[in-house]
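What follows is calculated from the coordinates using simple rules that are stated; it is not laboratory data. What you see is a predicted model; the values in this text were computed from it and never measured. Here Cβ is always computed from backbone atoms with ideal geometry, including for glycine, and neighbour counts include all displayed protein chains.
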Amino acid sequence: MNSQIDSEIDISIATAERLYNQGRPGEALAILHRLPPVHGALRERVLLIVGASFARMKRREEARRAFQELLQLNPDSFEALTWVAVLLRNSQEIDQAIAYAKRAIQLQPDNALGHSSLGSCFLFLRQPTEAIRAFQLAVELAPDAAELEHNLAQAYLMDHQHGEAIQRFRRAILLAPFDSHSYLTLARVYMLYGMAGEALECLESGLIALPDCAELHSSAGAAFAMIRNDEAAERHHRRAVELSNAAEPDYASWLLNQGRFEEAGSHFLNLIQSDRDPAFGYYGLMQTKKLASGDEPFVADMRSVLNRRSLRKASRMYLSYALGRAEEQLNHGGEAMSHFDEANALAFEINHSAHPVDPNSFVEDHARVQALFEQLRTGNSMSDSGASPIFIVGMIRSGTTLLDQIVSSHPDVTSAGELRFWIEEALRLAATPELATPEKLNDLAETYLRYGQLLVGSEVRFTDKMPLNFAYVGVIRAAFPNAKFLHIRRHPVDTCLSIYTTYFGKGALFAYKKSNIVAYFKAYLASMEYWRQNLQPQTMFELDYEDLVTDPDTVIPQVIEFCGLPWSEACLRHHENKSAINTPSRWQARQPMYLSSTERWKRYEPWLGEFTELLA
């Protein structure tokens with residue numbers, strides 16, 4: 001009789017294992033929960049499946065309890081050690097996670113899983129050298145595992161070894177051609193560096209293998225948007241929404257970037273009314289409208305959603321930003337700042353808490369770039385490029401988008417948007433200054449021009465409105481001796497307040513903490529003063545946002561003349577410019593000139609905190 005029971009238990013455990021491997025962890029748990037008490041090796045098998053099932057269902061505490069019990073029974077359980085390492089890493093308990101991963105490697109040094117767990121910990125710590133070493137060992141032990149190739153590619157990407165990263169992503173795709181993950185990541189890498197053609201080629205290959213993948217269609221929509229193929233972009237976004245409701249926020253955001261605010265608003269409203277994603281719906285909707293005194297019920301509805309106990313952290317963040325914007329429009333300064341404080345605390349926790357930025361690093365990065373510039377200047381190292389792109393620089397939220405709309409309204413100019421090219425290349429060159437030869441600068445100039453011309457065509461000049469290029473002005477000028485730089489300044493506290501009330505995702509490492517924003521702003525001021533002292537006056541035209549919006553008829557012709565362009569009245573009608581805007585200023589930049597963004601800080605004066613340091 002006992003042998004029959006043991007046989008039934010063994011069959012049940014095997015069934016649970018099969019269900020788990022089929023991606024049905026809930027069903028596996030249901031079977032295991034009906035089992036009578038088991039002991040010894042059977043108990044270990046049960047605990048392993050229970051822990052793995054809970055982990056897959058993101059019930060991490062229950063998973064940890066199961067694995068800890070398993071380790072009490074068998075301290076040398078390799079599987080439990082690697083699982084606990086992953087769970088601890090996800091909970092940001094990195095030191096313990098590394099200890100468990102290393103223990104697993106000691107037990108089975110020839111098992112790729114232990115090295116992979118260790119590599120993931122180093123990735124989380126942003127230590128790419130150690131991560132690369134661990135993942136390389138894992139790949140050597142399991143050369144046909146696509147996930148390991150993907151993770152190794154991520155480590156190379158973090159280490160700025162983009163060519164190697166791309167090769168590894170391609171390898172991962174070859175190993176798992178029906179897994180969308182590597183197609184999506186590789187396409188994002190290409191788009192990050194302006195390589196829209198390569199991104200589209202990658203996504204088209206993915207869609208051949210997975211024609212009904214909504215995420216691939218959404219990503220294709222974003223890639224086509226980069227090269228201004230709006231028809232193709234909309235076709236893919238619409239197809240993504242047909243395939244999955246989860247794609248609607250991306251489509252609504254694309255419509256927002258296109259300036260189709262009414263259509264975007266209808267989709268954001270749909271997210272609210274269907275209760276599929278009301279938090280992001282309100283966040284998006286508040287970027288398409290301005291409230292008035294009769295809109296208090298609308299704000300009350302937002303508050304009711306915020307009070308839901310089941311609300312996810314990201315949803316709470318989006319709602320807090322939306323409520324901050326709403327309360328400001330209703331002239332409730334204290335309530336608005338309270339919501340913005342909550343939004344920033346959540347945004348920091350979500351995006352930066354695992355890797356808090358050292359404010360001193362801002363100055364150190366700028367110093368390395370300036371040292372490279374001194375080397376280039378001393379050696380008279382310049383490229384011979386005759387191109388003259390227009391770089392619009394300054395702090396983020398200082399008016400760069402508005403200025404870009406004005407300049408790109410000229411019939412001979414097109415905006416290429418914000419290209420990350422020099423952020424990556426200037427820092428890489430600063431780290432290897434021995435490579436900074438005229439030939440290298442020529443190569444960089446040619447590569448950059450190809451990126452820009454892919455976006456705008458080869459017949460017109462283009463603007464690059466990446467604000468943070470302010471840190472690399474001298475290096476960019478060495479690559480483009482004829483480049484024009486437009487530096488737009490704005491009241492320091494208005495600028496910092498605008499940063500604080502805007503969500504940037506993982507970008508802008510200095511965001512979400514007032515002290516970090518102030519430190520970065522001071523580093524920006526010092527950097528601009530350095531270029532002011534060390535570049536020829538005709539290199540850079542400086543203007544103030546406040547002068548631009550109060551006296552556009554005087555300032556705008558000066559800007560156009562500095563760029564070497566014939567005058568065009570279209571530059572005074574920037575709000576008629578139909579090009580896509582992929583920044584948080586998408587609404588403001590499409591309006592006629594207005595003054596409501598000047599001296600905004602005065603509405604928040606009692607609650608400015610560290611920002612008051614900049615009032616002097």
Original post:
Ranked by Cβ crowding within 10 angstrom, fewest neighbours first, how are S515, S182 ordered?
Top reply: S515, S182
Subject >> Ascending count of other beta-carbon atoms within 10 Å, so fewest first, for S338, S383 >> reply: S338, S383
Subject >> Residues R170 and K290, FRET efficiency given R0 of 60 Å [Cβ-Cβ distance, rounded to 0.05] >> reply: 0.80
**OP:** Run the dipole for the range 215-269 about the Cα centre, Lys and Arg Cβ at +1, Asp and Glu Cβ at -1, nothing else charged, and hand back the magnitude in debye, nearest 20.
**Re:** 120 debye
Original post:
Could you work out the helix-only [θ] at 222 nm for the chain, with each DSSP H run of four or more residues adding -39,500 (n - 2.57) and the total divided by the number of residues, to the nearest 500 deg cm²/dmol?
Top reply: -20000 deg cm²/dmol
Original post:
Expressed as a rounded percentage, what relative contact order does the range 377-456 have, with Cα pairs under 8 Å and six or more residues apart?
Top reply: 45 percent
Original post:
So for the chain, taking the charge dipole from beta-carbon charges (+1 Lys/Arg, -1 Asp/Glu), which of T15, L615, S244 sits furthest toward the positive end?
Top reply: T15
Original post:
Hey, rough spin-label estimate for Q538 and R34, points 7 angstrom out along Cα→Cβ, what's it come to in nanometres?
Top reply: 8.6 nm
**OP:** Rank-order 489-501, 296-308, 541-553 by packing density, defined as the average count of other C-beta atoms within 10 Å over each peptide's residues, highest first.
**Re:** 489-501, 541-553, 296-308
Subject >> Efficiency of FRET from Cβ geometry, D358 and L73, R₀ 35 Å, rounded to 0.05 >> reply: 0.20
**OP:** For R461, enumerate residues with amide H under 5 Å from its amide H, sequence gap 5+ or separate chain, H modeled in the peptide plane.
**Re:** T414
**OP:** Could you check the simple spin-label distance between H181 and T554, using points 7 Å along Cα→Cβ, in nm with one decimal?
**Re:** 6.0 nm
Original post:
What lysines sit close enough to K289 to cross-link, taking a C-alpha to C-alpha distance under 30 Å and skipping anything fewer than 8 places away on the same chain?
Top reply: K313, K465, K506, K513, K514, K578, K602
Original post:
So how tilted is helix 261-273 from the main axis of the chain? Cα-based, degrees 0 to 90, rounded to 10.
Top reply: 30 degrees
Original post:
Which angle between 0 and 90 degrees, to the nearest 10, do you get for helix 514-534 versus the longest principal axis of the chain when only C-alpha atoms count?
Top reply: 40 degrees
**OP:** Compute the length gained on full extension between S338 and S7: take 0.36 nm times their separation in residues and subtract their Cα-Cα distance, giving the result in nm to one decimal.
**Re:** 113.0 nm
Original post:
Of all DSSP beta bridges in the chain, what percent run antiparallel (nearest 5)?
Top reply: 0 percent
**OP:** Note down the relative contact order for the range 108-229 as a percent, whole number, built from C-alpha pairs under 8 angstrom at least six residues apart.
**Re:** 16 percent
**OP:** Kindly put W607, W83 in sequence by how many other C-beta atoms sit within 10 Å of each C-beta, fewest to most.
**Re:** W607, W83
Original post:
Given a Förster distance of 35 angstrom, what is the FRET efficiency for K313 paired with L525, based on the Cβ-Cβ distance and rounded to 0.05?
Top reply: 0.55
Original post:
Length gain on complete extension for the stretch A300 to K506, per 0.36 nm per residue less the alpha carbon to alpha carbon distance?
Top reply: 71.2 nm
Subject >> Projected label distance in nm at A232 and R60, using a 7 Å step from Cα toward the beta-carbon >> reply: 4.0 nm
Original post:
How long is the gain from E349 to T378 if the chain were fully straight, where each residue apart is worth 0.36 nm and the alpha carbon distance is subtracted?
Top reply: 6.0 nm
**OP:** Over the chain, calculate the relative contact order: mean separation of alpha carbon pairs under 8 Å at least 6 apart, over the residue count, as a percent.
**Re:** 10 percent
